[in-house]
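Asks: Below you'll find the structure I mean.
The values are calculated or read from the model by the stated rules, or taken from the named source; none is laboratory data. Everything numeric in this text was worked out from a predicted model, so none of it was measured. Glycine gets a Cβ as well: all are built from the backbone with ideal geometry, and neighbour counts include every protein chain shown.
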Amino acid sequence: MHILQKELIKRLISSNGQSYAPLTKGYTFEENIAFHLKQLKKGGYVRKRDGAYFATKKALERSSEFDSETLKEDRYKAAYISFLCRCGEHYLLRKQPTPDGYFYKLPGAKPWFGEEIEKAVERIFKIQSGIELPFSRFLFTALHMKRQLSTANEVIFDNAMIVYEVIVDEKEKKSMKLKQTNAWVSESDLGVLPNVWPEVMIHTINKDKAPFHSYSLISNYVLHEKEV
């Protein structure tokens, strides 16, 4: 798949249901952006409805095969690594945009295929926080088996997620250079945030210490499989 097609899928996953202008912003006719969008429609990755473009289930599945930032198709382990990062009464969360606002989840990413888990934890945390910590600082907390469903009850993602707890002090917190999507949230605010994913509540508000969790959640992604 061409890198521009991956970029278009990435943009729609970030905010599904965009019109042509914002979706293709930054690209020109000379770069054949219209052609690549047409190819995505032809391949069933994108559908158009009421003047807006939507990523389909096929696009969401395809997005799991490339890195969301570099767009490279590195091989990944089947598991996902997430961090329960805490400083006092504040937790580090990822704020992900959706068509209706935002949802909140634990920050993390997939380790590479063949990568030692210790190295993966250190590398991914550095990407999320901007600071380096040794693996000895991370405590295995739980394994989550979770299925993400569309509003039509279709399985979009089916992942194993490993959660590691890491506690940082104020000095470390202040030295962090967070990813743009990440932010600190106080424990008192967690209960009133909309669209908080189950693993956040399990480990923060509920303080559930069980080492294994299995559940499904419904995503508010608006998927359109037919042209209108």
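Asks: Within the range 112-158, restricting attention to residues that are over 23 Å from Ala183 (Cβ atoms) and polar (S, T, N, Q), which residue is modelled with the highest pLDDT?
Replies: So the residue we want is Ser136.
Asks: Counting just the residues of the range 45-72 that are charged (D, E, K, R) and exposed (fewer than 13 other Cβ atoms within 10 Å of the Cβ), which one comes out modelled with the lowest pLDDT?
Replies: Only one residue fits best here, namely Glu69.
Asks: Give the residue, chosen from Ser214, Ser175, that is at negative phi, under 21 Å from the mean Cα position of the chain (by Cα) and among the small types (Gly, Ala, Ser).
Replies: Criteria check complete, one pass: Ser214.
Asks: Within the range 11-26, can you find the residues that are surrounded by 14 or more Cβ atoms within 10 Å (Cβ to Cβ) and farther than 17 Å from Tyr102 by Cβ?
Replies: Tyr20, Leu23, Thr24
Asks: Continuing with this model, one more query. Please determine, by comparing only the residues of the range 11-44 that are under 25 Å from the mean Cα position of the chain (by Cα), assigned to a helix (DSSP H, G or I) and of a type in the set (Gly, Ala, Ser), which one is modelled with the lowest pLDDT.
Replies: By that ranking, first place goes to Ser14.
Asks: Restricting attention to the range 77-111, and to residues there that are in a loop (DSSP other than H, G, I, E, B) and out of contact with any helix residue (DSSP H, G or I) (no Cβ under 7 Å at 6 or more places or on another chain), which single residue is modelled with the lowest pLDDT?
Replies: Pro99
Asks: Let me ask something additional. Using beta carbons and a limit of 8 Å, which pairs, at least six apart or on different chains, have the first residue in the range 65-94 and on the phi > 0 side of the Ramachandran plot and the second one surrounded by fewer than 18 Cβ atoms within 10 Å (Cβ to Cβ) and not in a strand (DSSP E or B)?
Replies: Close Cβ pairs (under 8 Å, with a partner that is surrounded by fewer than 18 Cβ atoms within 10 Å (Cβ to Cβ) and not in a strand (DSSP E or B)) amount to Leu71/Ile3; Leu71/Glu7; Leu71/Lys10; Gly88/Glu170.
Asks: Search the range 110-168 for residues being of a type in the set (Asp, Glu) and touching a residue at least 40 places away in the same chain (Cβ under 8 Å), and hand back the single one that is nearest to Lys207 (Cα to Cα).
Replies: Within the range 110-168, the match that is nearest to Lys207 (Cα to Cα) is Glu165.
Asks: Exactly one of these conditions fails for Lys41: (1) among the charged types (D, E, K, R); (2) out of contact with any helix residue (DSSP H, G or I) (no Cβ under 7 Å at 6 or more places or on another chain); (3) within 27 Å of Phe135 (Cα to Cα). Give me its number.
Replies: (3)
Asks: Just need a number here: residues in the range 198-224 that are surrounded by 13 or more Cβ atoms within 10 Å (Cβ to Cβ) and either small (Gly, Ala, Ser) or at pLDDT below 70 (or both).
Replies: Selection size over the range 198-224: 7.
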